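These notes concern the structure reproduced below.
A short reminder: the numbers here are calculations on the coordinates, not readings from a lab. None of the values given here were measured: they were computed from a predicted structure. As a convention, Cβ positions derive from the backbone with ideal geometry for all residues, glycine included, and neighbour counts pool all protein chains shown.
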Amino acid sequence: MSRELARRGSAERRIEQLPAEYWTLLTRVRWPGRPDRRVDEVLVGPSGVHVVLHRPGQPTSTASSGSEGIDLEETAARAAAVAVAVADLLPHRHRSIVTPAVCLTDTVEVGFSVGDVFAASPGVLRHAWRHRPRVLSTSEADAIAERLRARLEPFPVESPRSAAATWWGWRRLWLAGVLTATGVGAVLAVGAAQPWARP
């Protein structure tokens, strides 16, 4: 795997924010053509369309050794593939401005290439996107963002809280059924054990 270390330093204190008037961020959408797969971010702005997968990562390029490096290569390959799928939703003239990236979510300030995919911590990614050459006007970026918003479906994610609530709901129903059955059984057993009183 070919990598070139771009930046590395102390832990990030503040992630650079992208101005909302120029950037549109779509989060947790379905991979086009692969409804079982999630795309973490699709960011549209002056420097193009950036398709991002998140991955916990090592703080330096030492992740290139062992299983960490293999996992990162696989994530980068998926990011490249989903970027092609997102590009296919756009007019032909705009497909070349779609780029893949891997966001290393729990790293220090670091960025390096994994083949043609840029893998970096959140702050480095945002800095790179903001300061890249402009390839879209504001109106073009808005039009592309609206097109992608209409064509990319939200990826449904059941929160742990709602999953727990569903589990407790089923458990309450089960307990109610057991208690009801036990109560009826107890009444029948008592009735069978006592002879009927005669007047």
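Details
- Across all directions, the average projected area of the convex hull around the alpha carbons of the range 66-116 is 4.2 nm².
- For Val49, the residues whose amide H sits under 5 Å from its own are Val98, Thr99, ignoring neighbours fewer than 5 places away on the same chain, with H placed 1.01 Å from N.
- Arg132 paired with Glu146, simple spin-label distance in nm, labels 7 Å along Cα-to-beta-carbon: 2.4 nm
- Computing FRET efficiency as 1/(1 + (r/R0)^6) for Asp106 and Glu21, where r is the C-beta to C-beta distance and R0 is 30 Å, gives about 0.50.
- Theoretical gain in end-to-end length, Arg34 to Val84 [0.36 nm per residue, Cα-Cα removed]: 16.7 nm
- Amide hydrogen proximity for Gly115: with H placed 1.01 Å from N in the peptide plane, the residues at 5 or more positions away or on another chain lying under 5 Å are Ser2.
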